[in-house]
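The structure appears below as structure tokens.
The values are calculated or read from the model by the stated rules, or taken from the named source; none is laboratory data. Small disclaimer: the values here were computed from a predicted structure and weren't measured. In this analysis, Cβ positions are derived from the backbone assuming ideal geometry, glycine residues included, and neighbour counts consider all displayed protein chains. Quick note on the areas: whole protein, heavy atoms, side chains included, nothing else; ligands and nucleic acids left out. Shrake-Rupley method; radii C 1.70, N 1.55, O 1.52, S 1.80 Å.
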Amino acid sequence: MHRRPLIIKAVLATTALLVSAIVGTNASLAADSAPLAPYDAKKAGGTVTLVAQAAAGTLDPKVNYTAQFWQLYQASYDGLLTFSYGTGATTFNVVPDLAEALPAVSNGGKTFTFKLRKGIKFSDGKPVTVADVKASFERIFKVSSPTAGSFYNGIVGADVCLKTPATCKLDKGVVVDAATNTVVINIIAPDDAILSKLAVPHAVINPASAPSKDAGTTIIPTTGAYMYKSYDPNKSLVMVRNPYFKEWNHNAQPQGYPDQIIFKFGITPTAQVTAVENNQANWAFDPIPADRLNEIGTKYASQVHINPLTAMWYLPMNVNLAPFNNVKARQAVNYAIDRANMVKIFGGTQLAAPVCSFLPPNFPGHVDYCGYTKGATPAKPAKAWAGPDLELAKKLVKESGTAGQAVGIVVSDDDVNKQMGVYLQSVLNSIGYKATVKPISGNIQFTYIQNTKNKVQISVTQWYQDYPAASDFLDVLLGCASFTPKSDSSINMAGYCNKALDVKMAKAKALGATDPVAANKMWGEIDQEVMADAPVAVAFTPKQLDFISSGTKNYLFSLQYKMFVSQLIVK
Amino acid sequence: MLAFVTRRISAMIFVLVSISILVFLIFFATPGVDPAARIAGRNADQETLAQVRHSFELDKPLPIRYLSMMRHLFVSQDLTSYVNRGAKVIPQLTQAIPATLSLVIGAAIIWLGLGIFFGIKAASSRRKWIDPTIGFLGIIGISLPVYWLGEVVNLFTQAKLHNSVFRWVPQLGYVGITDNPFQWFLHLLFPWLTLAVLYAGIYVRVLRNEIRMVMSEDYIKTERAKGASETRILYKHATRMSLITLVSLFGLDFGSLVGGYALLTEVVFGIQGVGRLTYQSLQNFDLPVIMATVMYASFFVVFMNALVDVLYAVLDPRVRRV
Amino acid sequence: MSLKESSEAIFSESPGKIALRSLRKDKRARISLAILGVIVFLSLTAPLYSHFIAHTDPFESTLDATIMVNGITTPVLEASTTGLGLGITPIGPTWNLSHYFIGADSQGRDVLARLFYGGRSTLFIGVSSGLLCLLLSLLIGIISGYYRGWVDAIFSRVLDIIWAFPVYLLAISLSVVLLTSGLSLGFIHLGPGSFALPIFIIGVVYVPYIARPIRAQVLALRENDFVRAAVGSGAKNSTIIFREILPNIIPSLMVFIPIIVALSMLTESALSFLSIGVQPPAASWGTIINDGLGLLYTRPMVGIAPGILIAFTAASLNLYGDAVRDALDPKSRARGD
């Protein structure tokens, strides 16, 4: 086997969360957006087989934070709200799921009143009650959900729950009334992203009897079209139809087509491709190995689906360590890297596009500009990236006085990332540094580069949107609050903290609740201001390639969860 | 004799304990392996991180962590993974054992068969070219990097010739013998052959040299002088004597392979055995699984080692003093 | 693994001169030395090849280079233009020694030039770790065999631990340490990409295989009349070790050298294959195999060629080892073949 288990999935794979207020992403997405077609019972049946190199860890929907399993949760677990089925921009819409309708908002945007649907049962036959809803919200804290402190810290009483999770009570934050079947959620301050936060898997409804710690490989009953039959992280995950499921909202939790969904683990990416080609599997999870791309693009072209992703590959540069504590050194890297070459390593122009703005194309706030291309400067940017400027880069390095310094490039050791590292080393050497590549296991690279104790100067990493809001890129990745020295969880890898910009970002966020258009314009300016400081170099924006077998029909792509597994037709 | 066995067993326990401590220390001395942030999830809050660290006892001093891990591994046997939270380690190991056993036993049959047949042939054949030819093939066998050989085999059976000669070769992986004996055989055929190449090379060479050595002993000459036939001498004396060496060698090899030393073969052919589990856990920096697989592997290695020692002691009392 | 067998041959003592003479006559020895000579020569002259013949720097990424093939300008890394236009394929073998004789890797680097450079790393690591291993084994084997008692007991347990210790764990952990922060042991500082780590790991791992037979041999020698006589006459231990013990062990060491070097080379390539040996952009045959695996479907030659070189080198070393053993072992000659 020549490709290590790619556990960049923690990064690569994480998911999209939408601020419902700012849905209008772009015209091309809106054009092909449509609701889900009616269910065709004649096409139901059969088994869908998915293959992956490795499982994604715990099956607990309140703890798992990977796209690999979130993709499955959509067909099995339900929250009060969820992201809609359909195509195009529709899939970014939040729709009522276990709640009868979107909540009534009162108290200046701080109280949300839901009515729980009646007659829905868990896959173990027990009815879903408002007590389950309350327990599920408390469970977010009891199991130390990764987003407990970032998504749900605004619920009244969450502060105490975060400190003492074991005894978490949200008596004031989640008020339920069994008689009227209502659920009232109180938050401490208005939050324009609250509906999206309630729609992601971490907010799904589990039975009140679910364990108060991470359930791990044990199965929690579901409410959706499918339930889990068995899970062995070294072997497979088996989903079967939930016998108690009856469709209540076609767009929120539609009936699925296959009778069974099997996710097999432990299959190398190249064996996955072969399995799909030979109709032994319906879909390959891992990125297609570079040496198989041409083959599937020619012989199996009709089975390939390529969709845009709002994501980026970028190089954080540690602004607190030499040589990148010097802005000219950081700008030099931005000028020097040949983004077209990095696209080549990733698989070619069909699978990625060079960019140098922080916000990806088709993203709220994105402006087409590039300050670091031949003939442009951050003050006088060009429209798009055209080519590297090595001469200017060399000049900047010289001016910065950092020439000749040693630079370590920490990359994850899978094929593509390692190659990026080797390429960067070549580039950094050519502009006057003494660069070394340090490929370390993909499983620890992502946390390793975050910790200031490890003194990482420059690294290669990826960011996939949580939700299409500029704050999810700029504020999360470069805000002062995301920088915690000496911690493995410090997502601001550059260690960049610009107080003035932080204030401006807070303003843009506040503005977003009332005037998204003006806010996005402001984010566009922030983008350019940040990039003038160059705490990172953005390389390119990747696309999602799905390869399905010839017998697999009804491929539908969700911007939120990628391919809809339950809608695949194999009969 | 009893004292010798007791001494050997206590030495064994000493070695196993030392290895477990070393593995533990090496793991925590490696930078960036702290599993808390990986378990807690991307961009987790510092408080959440602290709670996760606490729930995995990662905030306790090293000796306590070590003892707790050993207790969970050996006493309560409920040690769970750092990566696949909640996944118990021991069942993962026991589930991987059949695949490894299938691989190793099948390969062993092939390499013993080849080794014994060609070893005897090389030592006894009167035709001049046979011995050097077998010797040369043996050298090739021990000189091929096993992972490379595996990948080349895959290249032909899975890709280049998959649509013609090797259409019948199933995709990489392992199918249990109880699930489908025929598929089990097909899936393992090439892994068996690949793994057997190396050992067949070794065994041919050892056996050939052993037989030649015995054949030159004085008592064989006496037998020959007495008029015993060459075939009788070859099988009755030389081969039987040489097989003793082969058996002890086999004990050691078999022990280490069952313990997971077929790691590269399992990885290349995607066989979900102990070696692959070890490899994956190393890749994931999943200490509980690493610890379990390492303990299991070292147990086999140390045990077979001790067994061979004891057997020698039975045969040769002088060894006991040592 | 092939060490186990040669440990059999070790117990015999042998006069050196006859051995050397018969070795010179041995056809196997001549052929294997000739092959090894060619491989060593090509590795040592790697810079000459890449500089004067291929005109390329095998450590620099040239993702947008182009070359002339049959008068046509061809990119070294070619984007697919058929079907969906997915994927980039490096140029295949040109069978022209002046550029990309056996093709390029995914960084657009000349694979043949990298193979020659890789030979340097692989041979250097193989020989150094082989010698380190012999040295350590000799030390441990002689000390435990000669002094016996508790010294022997301690060393035996240490050997047991090394014997059963998971090499890959050690290698992975140490390589993370080395890669990320470098390793400081007193005044020695090992930077990333240092060969010291693979040399050390491989050198230590095989110590039990050699130290044990040496110890057994020393134990036997200790009981010999001439050693007893020397001890009885009150000679110093060091004198006995150097005058009486060591000369009797040297022949067995000679048998081990080619085999342990071959084994070290194979281990080096396995570690590099698992990305824990030689670090990029440096090359060893193992890392080139690793690079080649990502191109197995489009450019299989990148992965196959270094494997063939490893097999050739290891086979020559093993063949030479056989010749040495037969030359040193009078019994094998007595066998009359």
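Would you please name the residue that is surrounded by the fewest Cβ atoms within 10 Å (Cβ to Cβ), looking only at residues in region A:261-273 that are within 9 Å of another protein chain (Cβ to nearest Cβ) and of a type in the set (S, T, N, Q)?
Selected residue: A:268.
Can you list residue pairs whose Cβ atoms sit under 9 Å apart, with the first residue in region C:207-224 being more than 11 Å from chain B (Cβ to nearest Cβ) and the second being assigned to a loop (DSSP other than H, G, I, E, B) and crowded, with 17+ Cβ neighbours inside 10 Å? Count only pairs 6 or more apart in sequence or on different chains.
Between residues of region C:207-224 that are more than 11 Å from chain B (Cβ to nearest Cβ) and residues that are assigned to a loop (DSSP other than H, G, I, E, B) and crowded, with 17+ Cβ neighbours inside 10 Å, the close pairs are C:213/C:10; C:214/C:10; C:217/C:10.
Of everything in region C:232-252 that's at pLDDT 80 or above and polar (S, T, N, Q), which residue is farthest from residue C:211 (Cα to Cα)?
Filtering first and then ranking leaves C:233.
For region C:266-281, name all the residues that are facing chain A (nearest Cβ under 10 Å) and either in contact (Cβ under 8 Å) with a residue 12 or more places away in the chain or closer than 21 Å to residue C:317 by Cα (or both).
Those that are facing chain A (nearest Cβ under 10 Å) and either in contact (Cβ under 8 Å) with a residue 12 or more places away in the chain or closer than 21 Å to residue C:317 by Cα (or both): C:273, C:274, C:275, C:276, C:279, C:281.
Residue-by-condition table, conditions (1) closer than 17 Å to residue A:539 by Cβ; (2) buried (at least 24 other Cβ atoms within 10 Å of the Cβ):
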{"position": "A:429", "(1), (2)": "no, no"}
{"position": "A:442", "(1), (2)": "no, yes"}
{"position": "A:458", "(1), (2)": "yes, yes"}
{"position": "A:475", "(1), (2)": "no, no"}
{"position": "A:490", "(1), (2)": "no, no"}
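Taking region C:130-149 as the search range and keeping residues that are at pLDDT below 90 and in a helix (DSSP H, G or I), which one is surrounded by the most Cβ atoms within 10 Å (Cβ to Cβ)?
That would be C:145.
Got a sec? Which of B:125, B:164 is more than 15 Å from residue B:189 (Cα to Cα), hydroxyl-bearing (Ser, Thr, Tyr), over 28 Å from the mean Cα position of the chain (by Cα) and away from chain C (no Cβ under 13 Å)?
B:164
Considering each of B:239, B:194, B:245, B:231 in turn, give the residue that is open to solvent by 20 Å² or more (accessible area, probe 1.4 Å), part of a helix (DSSP H, G or I) and either away from every other protein chain (no Cβ under 11 Å) or modelled with pLDDT of 85 or more (or both).
B:231
If I filter region A:526-546 for residues that are free of Cβ contacts under 8 Å to residues at least 40 places away in the same chain and not in a strand (DSSP E or B), do I get at least one hit?
yes
So residue C:244 clears everything in (1) open to solvent by 30 Å² or more (accessible area, probe 1.4 Å); (2) in contact with a Phe, Trp or Tyr (Cβ under 9 Å, 6 or more places away or on another chain); (3) touching a residue at least 24 places away in the same chain (Cβ under 8 Å) except one condition, right? Which one?
(3)
For the condition touching a His at 6+ places or on another chain (Cβ under 9 Å) and surrounded by 20 or more Cβ atoms within 10 Å (Cβ to Cβ), what is the one hit in A:258, A:289, A:221?
A:289
May I ask you to list the residues in region A:417-458 that are in contact (Cβ under 8 Å) with a residue 12 or more places away in the chain, in a helix (DSSP H, G or I), more than 7 Å from every other protein chain (Cβ to nearest Cβ) and polar (S, T, N, Q)?
If the condition is that a residue be in contact (Cβ under 8 Å) with a residue 12 or more places away in the chain, in a helix (DSSP H, G or I), more than 7 Å from every other protein chain (Cβ to nearest Cβ) and polar (S, T, N, Q), then A:417, A:430, A:445, A:452 are the ones that fit.
All but one of (1) in a helix (DSSP H, G or I); (2) within 12 Å of another protein chain (Cβ to nearest Cβ); (3) aliphatic (A, V, I, L, M) hold for residue B:103; which doesn't?
All conditions pass for residue B:103, except number (2).
Among the candidates B:161, B:207, single out the residue that is open to solvent by less than 40 Å² (accessible area, probe 1.4 Å) and either farther than 15 Å from residue B:271 by Cβ or in contact with a His (Cβ under 6 Å, 6 or more places away or on another chain) (or both). Full working, then the answer.
Values: B:161 fails: open to solvent by less than 40 Å² (accessible area, probe 1.4 Å).
Exactly one of B:161, B:207 is open to solvent by less than 40 Å² (accessible area, probe 1.4 Å) and either farther than 15 Å from residue B:271 by Cβ or in contact with a His (Cβ under 6 Å, 6 or more places away or on another chain) (or both), namely B:207.
With respect to the numbered conditions (1) surrounded by 18 or more Cβ atoms within 10 Å (Cβ to Cβ); (2) within 30 Å of residue C:169 (Cβ to Cβ), which one is the sole condition not fulfilled by residue B:176?
The number of the failed condition is (1).
Scan the strands (runs of 3 or more DSSP E) fully inside region C:21-98 and keep the ones with 1 or more residues being more than 12 Å from chain A (Cβ to nearest Cβ) and hydrophobic (A, V, I, L, M, F, W, C).
The qualifying strands (runs of 3 or more DSSP E) are C:66-69, C:72-75.
Give the residue that is nearest to the chain's Cα centre (by Cα), with candidates limited to residues of region B:138-149 that are more than 7 Å from chain C (Cβ to nearest Cβ) and surrounded by 24 or more Cβ atoms within 10 Å (Cβ to Cβ).
Of the residues in region B:138-149, the ones more than 7 Å from chain C (Cβ to nearest Cβ) are B:138, B:141, B:146, B:149.
Checking which are surrounded by 24 or more Cβ atoms within 10 Å (Cβ to Cβ) leaves us with B:138, B:141.
Values: B:138: 20, B:141: 18 Å.
The qualifying residue nearest to the chain's Cα centre (by Cα) is B:141.
Considering only region B:61-115, state which residues are at pLDDT 90 or above and β-branched (Val, Ile, Thr).
B:64, B:75, B:89, B:90, B:94, B:97, B:100, B:104, B:105, B:109, B:110 - these are the residues of region B:61-115 that are at pLDDT 90 or above and β-branched (Val, Ile, Thr).
Does residue B:77 meet the test of being surrounded by fewer than 20 Cβ atoms within 10 Å (Cβ to Cβ) and part of a helix (DSSP H, G or I)? Write out each step before concluding.
Working: surrounded by fewer than 20 Cβ atoms within 10 Å (Cβ to Cβ): yes; part of a helix (DSSP H, G or I): no.
For residue B:77, the condition - surrounded by fewer than 20 Cβ atoms within 10 Å (Cβ to Cβ) and part of a helix (DSSP H, G or I) - is not met.
Pairs please, first residue from region A:500-515 and under 15 Å from residue A:364 (Cα atoms) and in contact (Cβ under 8 Å) with a residue 12 or more places away in the chain, second anywhere and open to solvent by 70 Å² or more (accessible area, probe 1.4 Å) and outside any helix (DSSP H, G or I), Cβ atoms under 7 Å, 6+ apart in sequence or on different chains.
Partner pairs satisfying both residue conditions: A:513/A:190.
For residues that are more than 18 Å from the chain's Cα centre (by Cα), crowded, with 22+ Cβ neighbours inside 10 Å and of a type outside the set (Val, Ile, Thr), scanning just region C:174-211, find the one that is modelled with the lowest pLDDT.
The extreme case among them is C:179.
Cβ contacts < 6 Å: first residue more than 14 Å from every other protein chain (Cβ to nearest Cβ), restricted to region A:227-241; second residue hydroxyl-bearing (Ser, Thr, Tyr), any location; separation 6+ or different chain. Result?
From region A:227-241, the pairs are A:227/A:123; A:238/A:230; A:239/A:226; A:239/A:228.
Taking region A:393-416 on its own, how many of its residues are in contact with a Ser or Thr (Cβ under 9 Å, 6 or more places away or on another chain), over 20 Å from residue A:288 (Cα atoms) and more than 8 Å from chain C (Cβ to nearest Cβ)?
The total comes to 5.
Restricting to region B:1-60, name every residue that is facing another protein chain (nearest Cβ under 8 Å) and on the phi > 0 side of the Ramachandran plot.
Within region B:1-60, B:32, B:41, B:43 qualify.
Any residue in region A:141-152 that is open to solvent by 40 Å² or more (accessible area, probe 1.4 Å) and either within 14 Å of chain B (Cβ to nearest Cβ) or without any contact (Cβ under 8 Å) to a residue 40 or more places away in the chain (or both)?
Yes, region A:141-152 contains a residue that is open to solvent by 40 Å² or more (accessible area, probe 1.4 Å) and either within 14 Å of chain B (Cβ to nearest Cβ) or without any contact (Cβ under 8 Å) to a residue 40 or more places away in the chain (or both).
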